[in-house]
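**Student:** Sharing a structure with you now.
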Amino acid sequence: MELAAHAPLLSALVTIIALIFYFYTVIRVGGARGQYKIAAPAITGHPVFERTYRVQMNTLEHLVIFVPSLWIATTYFARVGWLAPALGVIWIVGRILYMQGYIADPNKRGTGFLIASLAELALMIIAVIGIVMAWSASA
Amino acid sequence: MELAAHAPLLSALVTIIALIFYFYTVIRVGGARGQYKIAAPAITGHPVFERTYRVQMNTLEHLVIFVPSLWIATTYFARVGWLAPALGVIWIVGRILYMQGYIADPNKRGTGFLIASLAELALMIIAVIGIVMAWSASA
Amino acid sequence: MELAAHAPLLSALVTIIALIFYFYTVIRVGGARGQYKIAAPAITGHPVFERTYRVQMNTLEHLVIFVPSLWIATTYFARVGWLAPALGVIWIVGRILYMQGYIADPNKRGTGFLIASLAELALMIIAVIGIVMAWSASA
């Protein structure tokens, strides 16, 4: 079976890996809460805690774009089936670099953010192309 | 081909437009961060920055209801196929009005919020009706 | 018709119930804003308001893991079709207990959080198992 025919399976796998990574950023906030003694519901009190929290929030803020874009691209941009899940892998790599950069130093969050954002934009673009192509084909 | 038969394509398009709008609210926070000199990870410091941030957060908070409701309604409420994506368009219009109102003045956020919330509720209601109808049909 | 064959319908219903519950946590923040006189865009000012806000945020933070995991598990872990929606019901129960516990006392948020997190993890695990099984079957 060709790789392209596996596109939905690959996207399902990429989605779960993205969710597990995001789950990890959530757990890390819990850990930082203990380490820097920030009792809930406070979300401020120590720079490293605040950065860890921002990493989780920012991952959340982009995850909600990523997952629907990935699936619309996977569903409608079927010509190059591996492209959507491949962009999904790039997104995950970018988000990991963003996390590592930001927690080390807020000024180091740019590279990972850029990589993930470009993958996100590319997914939205191929999703739109796929929708237009599907529309034309059915018109 | 009838418009109703295009329902999933229309909902895919509405989803991508909603994601692009949400992406725009994210970018606007970045812009306000620069304009009002609020260095990350701070999320307070200037009223307009705080409102811009709240617009993004509130859009996020409702986007996670909107996308699954839209798709469950699109999948199961198939009798009037254009209704779910049409409610999706209303949701987007409401969210744009909410953004413009809130950034101008927190007291002006009501109208857009109401429009978007009613569209959201209507999507949840037709989703439930669609599920019940599909259940009855298969029982 | 067997219950397992209804799995997508059950998961659709569970999703809508989870969204309605989350919508309720959003409304509760609005109510607490009025009750404790916290004018938007502030998100601090009274402990009970802050807890109510954290409940909504935490529900949001986990909803974005829950919905995609539920659907990937429902789609690919088809052997025991009722398992994914059943875990979804447990997740909702856990989130309700978490809300009630947290608003009463931040130290009482643990039990509900644990129940929901275990259901979430179980959904991610059966999703991965389902993907691997589908991959093996198609290879």
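**Student:** Which number comes out as Rg/Rh for the protein assembly as shown once both Rg and the Kirkwood Rh are worked out on C-alpha atoms?
**Tutor:** 0.95
**Student:** I need the phi-derived Karplus couplings for region B:76-83: 6.51 cos²θ - 1.76 cosθ + 1.60, θ = phi - 60°, integer Hz, Gly and Pro marked x.
**Tutor:** 9, 9, 8, 4, 10, x, 7, 5
**Student:** Could you give me the ³J(HN,Hα) list for region B:91-102, computed from phi with Karplus coefficients 6.51, -1.76, 1.60 and θ = phi - 60°, whole Hz, x at Gly and Pro?
**Tutor:** 4, 4, 4, x, 5, 5, 4, 4, 4, 4, x, 4
**Student:** Return one number: the angle in degrees, 0 to 90 and rounded to the nearest 10, between the long axis of the Cα atoms of helix B:7-35 and the longest principal axis of the Cα atoms of chain B.
**Tutor:** 10
**Student:** Would you work out the relative contact order for chain A, in percent, from Cα pairs under 8 angstrom that are 6 or more residues apart?
**Tutor:** Answer for chain A is 27 percent.
**Student:** For chain A, take the longest principal axis of its alpha carbons; what is the angle in degrees between that and the long axis of helix A:110-138, to the nearest 10 within 0 to 90?
**Tutor:** 30
**Student:** Once you order the gyration tensor axes a ≥ b ≥ c over the Cα atoms, which shape class does region C:81-127 get: rounded for a/c under 1.5, otherwise prolate or oblate by comparing a/b with b/c?
**Tutor:** Prolate, because a/c is 1.5 or more and a/b exceeds b/c.
**Student:** Divide by every residue of chain C the summed helix terms, -39500 (n - 2.57) for each DSSP H run of at least 4, and state the resulting mean residue ellipticity at 222 nm, rounded to the nearest 500 deg cm²/dmol.
**Tutor:** Values: 4 runs with 110 residues, N = 139.
Here the helix-only value at 222 nm equals -28500 deg cm²/dmol.
**Student:** Expressed in whole Å with the largest first, what are the equivalent ellipsoid semi-axes of region B:4-134 derived from the C-alpha gyration tensor as the square root of 5 times each eigenvalue?
**Tutor:** Semi-axes, largest first: 32, 13, 11 Å.
Bear in mind that the values in this text are calculations on the coordinates, not laboratory data. Keep in mind that this is a model prediction, so the values were computed, not measured.
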